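In what follows, a structure is listed as structure tokens, so that the remarks can point back to it.
The values are calculated or read from the model by the stated rules, or taken from the named source; none is laboratory data. Just so it is clear, the structure is predicted and the values come from calculations on it, not from any experiment. In this analysis, Cβ positions are derived from the backbone assuming ideal geometry, glycine residues included, and neighbour counts consider all displayed protein chains. The area values use the complete protein model at the heavy-atom level, side chains included, leaving out ligands, DNA and RNA. Shrake-Rupley method; radii C 1.70, N 1.55, O 1.52, S 1.80 Å.
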Amino acid sequence: PFRFMPWDPLAALCCGFQQQQMSSITAEILNAQDDKTSGAVIACLQDDAVFQELCKKEFELIVARDNEDGEKLQAGVEEAIKKGVLPADLPPPAYEQVDVLGKTADEVADEIIAKLPKDGGCVMILVGLSGTGKGTTVDKIKSKIPGATTWSNGNCFRSLTLLAVTACEQEGKEFDASCLTPENLAKWAAMLEFGQFDGKFDIRINGLGIDARVSDIANTMLKEPKVAKNIPTIAKETQGEVVKFAGDACKKMGESGTVVLVEGREQTLNFIPSPYRFCLMMSDTTVIGARRAAQRIAADAVGKLNGDDDVAAVVKASLARVAAA
């Protein structure tokens, strides 16, 4: 069972906020909205009982959400294996554990970069419990490696949703999940192509009267309400197709000399081939809840800060609002 441990000064250090800076939080630090902001908020509130209780709740919510999401993803993977889209005999790949406690986001990024190839491309897979800083770490790595790129499955799901909705429209009916048969999903997945177009990697949608690159329609056709509202239904049924597509796409980019950064859940990323796998973890899990609570408080406080306000007082007022929500 989860037990909330006493506060440790490393809770602030883990967010990149050095001990000598713990005495105050400034407007500049709050406006940055980064790992140092989280550390400063934690330092400011770490002795507050309301904050400690909020941290416990945030950690428990993170674990519950991660478990629920993991179960849903695993169900999608098992369905894809039944359909023959994903292999049934894939041994679980090994991940190198990276403890982020007491390290800045830059230090975590540098630790991972040191283990990647010095020359050429590769695919870097990053997993870990929500709140350990996967997104921040990927952003840091991307900023440190020239030409590095990130991969998101989101545009694959949007593209398949556009095709499914279009197919229904062409049959004169509203989109309905009953159209998501294995045959239709295979047909629509075959209408997606990943490659270099005019010197840039992109996804091409070619079918049902559509011939477009995702980069050209990402903020138009792929953002239309008829697509957005149906993405969850499509995503539930197409985990395997999208994971397979992503694996092939990442492999192409890595072999071309690009460093591809992929972060997400083990359930699906296990199927993307790469020897460079890392799992972010914290040896003191209480910090995870503290970071998430600090992020929420900082996001609320930055919008309330005016002129010469006492920043610490604004942060404490935001704590009260967030805790009461």
Under 12 Å from the Cβ of Ala75, count the other residues' Cβ atoms, weight Lys and Arg +1, Asp and Glu -1, and hand me the total.
-3
Rounded to whole angstrom, the alpha-carbon centroid of region 127-147 lies from that of region 276-325 at a distance of 19 Å
Any of Lys103/Lys142; Lys187/Lys223; Lys187/Lys244 with alpha carbons more than 20 Å apart? Name them for me.
Lys187/Lys223
Taking a ≥ b ≥ c as the square roots of the eigenvalues of the Cα gyration tensor, with a/c under 1.5 meaning rounded and otherwise prolate when a/b exceeds b/c and oblate if not, region 137-202 is prolate
Scoring only Lys, Arg, Asp and Glu (+1, +1, -1, -1) among other residues with Cβ under 12 Å from the Cβ of Trp188 yields -2
Show which lysines lie in cross-link reach of Lys226 when reach means a straight Cα distance below 18 angstrom and same-chain residues fewer than eight apart are skipped.
Lys173, Lys236
Averaged per residue, what accessible area in Å² does the chain show with a 1.4 Å probe, protein chains only?
49 Å²
Over the chain, what relative contact order in percent results from Cα pairs under 8 Å that are six or more residues apart?
33 percent
Pulled fully out, how much extra length does the chain show between Asp110 and Ala299, if you take 0.36 nm times their separation in residues and subtract their Cα-Cα distance?
65.3 nm
At a 1.4 Å probe, what is the % contribution of carbon and sulfur to the accessible area of region 167-227?
47 percent
Formal net charge of residues neighbouring Ala298 (Cβ-Cβ distance under 14 Å; K, R +1; D, E -1)
+2
Counting DSSP beta bridges with both ends in the chain, the antiparallel % (nearest 5):
40 percent
Peptide ranges 262-270, 166-174 listed from the most packed, as the mean C-beta count within 10 angstrom indicates
262-270, 166-174
